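What follows is a set of notes on a single structure, which appears directly below.
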Amino acid sequence: MAVPGSGLAKGLAVTLRTMTRRSVTAHYPDVQPELPARSRGVIGLFEENCTVCMLCARECPDWCIYIDSHKETVPPAAPGGRERSRNVLDRFAIDFSLCMYCGICIEVCPFDALFWSPEFEYAETDIRDLTHERDRLREWMWTVPAPPPLDPAAEEPKEVAAARKAAEKQLAAEPRQHGDRQRDGDA
């Protein structure tokens, strides 16, 4: 059976215990917060890797990525070759007032042009100023932390293993070919 008023006594005990502890308030502007590794702040753009494939803009559920481009013709690499055309990025902007920070754009980018940056201080006084153009996105690219090191106990990627096996096979075949050449020269 519960004693009448025991809930009140328990609540007051919790309050008294909390009152005697030291406060853990972080004074934000003066003291920067300790962010966890690889935290999501804003999206940084590595412009050199962007091929204007538009996957990020198409897959964005909020349609907050704006991309403009034009085509340029590239002269042939070898004489007698044909001219090629390539897309050139004119505008890359993200409207962070619409962005829900899902990261789909970063995941679908096949050329690693978008990355999470831990920067979080990009507040504006006007909501229309939250559309950040490519120059601002590029500035945030330099704050992206390095990827974590690979696990030394992890299995070697199959592409690397296949390349290593082919190289070993070629090295094993070279001494035999070299020996055959010597015998042919002696005869």
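The values are calculated or read from the model by the stated rules, or taken from the named source; none is laboratory data. Bear in mind the structure is a predicted one, so any value in this text is a computation, not a measurement. Glycine also receives a Cβ, built like all others from the backbone with ideal geometry; neighbour counts cover every protein chain displayed. Ligands, DNA and RNA are excluded from the accessible area calculation, which covers all protein heavy atoms including side chains. Shrake-Rupley method; radii C 1.70, N 1.55, O 1.52, S 1.80 Å.
If you keep only loop residues by DSSP, which chymotrypsin sites (Phe, Trp or Tyr not before Pro) in segment 119-163 have at most 15 other Cβ atoms within 10 Å of their Cβ? Don't skip to the answer; put the middle values down first.
Values: sites: F120, Y122, W140, W142; in loops: F120, Y122, W142.
For chymotrypsin sites (Phe, Trp or Tyr not before Pro) across segment 119-163 that sit outside H, G, I, E and B with at most 15 neighbouring Cβ atoms in 10 Å, the list reads F120, Y122, W142.
Using the Cα centre of segment 47-110 as origin and beta-carbon charges of +1 (Lys, Arg) and -1 (Asp, Glu), tell me which of T51, F92, P79 is placed farthest towards the positive end of the dipole.
Value: P79.
How large is the accessible surface per residue of segment 105-157, computed with a 1.4 Å probe and reported in Å² as a whole number? Display every interim value, and only then the final one.
Details: 3810 Å² over 53 residues.
Here the residues of segment 105-157 average 72 Å² of exposed surface.
With a probe of 1.4 Å, find how much accessible area segment 20-87 has per residue, and write the answer as a whole number in Å². Could you put the intermediate results ahead of the total?
Working: 5340 Å² over 68 residues.
Dividing the accessible area of segment 20-87 by its residue count gives 78 Å².
Do any chymotrypsin sites (Phe, Trp or Tyr not before Pro) in segment 2-74 lie in a loop, going by DSSP, with at most 14 other beta-carbon atoms within 10 Å of their beta carbon, and if so which? Write down the numbers at each step before the final one.
On the way: sites: F46, W63, Y66; in loops: F46, W63.
The qualifying sites are W63.
Quantify, in whole percent, the carbon and sulfur part of the accessible surface of the chain (1.4 Å probe; protein heavy atoms only). If you can, show how the numbers build up before the last one.
Details: 8260 of 14530 Å².
Result for the chain: 57 percent of the exposed heavy-atom area is carbon or sulfur.
Per residue of segment 84-94, in order, report the coupling 6.51 cos²θ - 1.76 cosθ + 1.60 (Karplus, θ = phi - 60°) as ³J(HN,Hα) in whole Hz, putting x for Gly and Pro.
10, 10, 9, 7, 10, 6, 9, 9, 9, 9, 10
What's the longest uninterrupted piece of the chain once you rule out the trypsin sites (Lys or Arg not before Pro) that are loop residues per DSSP with at most 13 other Cβ within 10 Å?
Details: sites that count: R21, R22, R38, R82.
That gives 83-187 as the longest site-free run.
Which angle between 0 and 90 degrees, to the nearest 10, do you get for helix 6-19 versus the longest principal axis of the chain when only C-alpha atoms count?
60 degrees
Need one word for the chain: rounded, prolate or oblate. Basis is the Cα gyration tensor (sqrt eigenvalues a ≥ b ≥ c); a/c below 1.5 gives rounded, then a/b vs b/c decides.
Details: a/c = 3.69, a/b = 1.67, b/c = 2.22.
Oblate shape, in that a/c is at least 1.5 and b/c is the bigger or equal ratio.
To the nearest 20 debye, what charge dipole does the chain have about its Cα centre, counting +1 at the Cβ of each Lys and Arg and -1 at the Cβ of each Asp and Glu? Can you show the working numbers first?
On the way: 23 positive and 30 negative charges, 145 e Å.
Using Cβ point charges on Lys, Arg, Asp and Glu, the chain gives about 700 debye.
Straight-line reach from K158: which lysines have Cα under 17 Å away, leaving out those fewer than 8 places along the same chain?
Output for K158: K169.
Sort out the exposed loop GluC sites (Glu not before Pro) in the chain (DSSP loop, at most 13 other Cβ within 10 Å) and tell me the longest stretch that has none.
Value returned for the longest uninterrupted segment is 35-82.
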